[in-house]
Amino acid sequence: MMLNPEGIPMGANVNEAAPDPNAALRFEDLTIDDDLSLQDRVIRYVRSGIALQRLVHVKMLGETAKSVGTTPTIHRLIPILPALVADPESVIRQHLASQLLAICLTCMFGDDETFDPNNRSNPRSRSYDEEGYRVVASTILNHMNTLITDPDMDVRKSASDALATLTLYIKPDDVALLILPIPLRLAHDNKGRSTGNNQNSSKQNEKDDGGGSDELHITAANLLGDIASLDANQIPPNLVSKYVTPTIMVLCKHPSMRVRRAIVQSLPRVVNGSSIDDIQQNLMPCFVNLSNDDSYRVRKSVGECLVDMSRSLMLLPSSPLSNKSTLEKSSDNASENKNKYS
């Protein structure tokens, strides 16, 4: 395949016109201007016509945002994201997805010197930058949503990991409003996107009806499992039972073997964040039904997940909320037995 390299913009202004795609490659296009500040250098070279230059500087987005703080990130770095989300190189989109988490944290907490990303004991006591939080909610999450539906599997995985981790830092009251709709829409998307060239997609569709939509459903299953297993202060069991469990139960009956196998692999994580009643009434019956699946590969996955499922069940109840109703029933049964034998 012939390459047609572009020139890089000579100014640091993000609104500067894009370079001519037919421009001849010049020596200065291959060099990096070390006299630029870190922020100006990143802004210039993520728009380079040379893919390697774009990749190197996309990997620097997170540290750049952290070094310059909230306001410069919002006004100078956020505007360059749309072009990167649509970059023709999948490896650049993949690394962009991993950098979005650091950008989000800078927008929400960048100027708070007391913020510790490893301290998640009391999320409601955090001090958010309101403008930065609005940017995350209205702009960056839209970019993550686009990357999660990307045709490339590695891009979807990177974006899913970033979104699941970001869930730990979103305001708890906003998780159901901002985070959960993304995997829920994926799970119910029956259109999908092309995942590869037309010839390969055609062969895949012959083997397994659904094509690109199956890929999105698999991504949704894994993402729902990751989110459900997070800290109960962010994702309480009642939220899991209301939003995650019904979707998991629907996907358990998916016509695609690959989607059902993905559900098997995500069930131990969903169980880890669920109430005991939800597990007994909904999740375990799904797991048992999948152990009798027509597909050998699904049944094999159930066997491989038995250890993870056992570990999740052993860790229950993870919070008093998860076993409240079960304890009440046990107490009632104990009272009945006491009266019976007294």
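The values are calculated or read from the model by the stated rules, or taken from the named source; none is laboratory data. Please read these numbers as outputs of a predicted model, since none were measured by experiment. Cβ atoms come from the backbone with ideal geometry, glycine included; neighbour counts cover every protein chain shown. Protein only, heavy atoms only, side chains kept; ligands, DNA and RNA dropped before computing areas. Shrake-Rupley method; radii C 1.70, N 1.55, O 1.52, S 1.80 Å.
Observations on the structure shown:
- In the context of the full set of protein chains, region 69-171 has a per residue accessible area of 42 Å² (1.4 Å probe).
- Simple spin-label estimate for Asp154 and Ile80 in nanometres, 7 Å along Cα-Cβ: 2.2 nm
- Label point distance in nm, Arg185-Thr165, each placed 7 Å from Cα along Cα→Cβ: 2.3 nm
- Greater than 28 Å apart at Cα, pairs in Lys59/Lys300; Lys253/Lys300; Lys66/Lys171; Lys171/Lys253: Lys59/Lys300; Lys171/Lys253
- Summed side-chain charge close to Phe287 - residues other than Phe287 whose Cβ falls under 15 Å, Lys, Arg +1, Asp, Glu -1: +3
- Around Leu55: net Lys/Arg minus Asp/Glu count, Cβ-Cβ under 11 Å: +1
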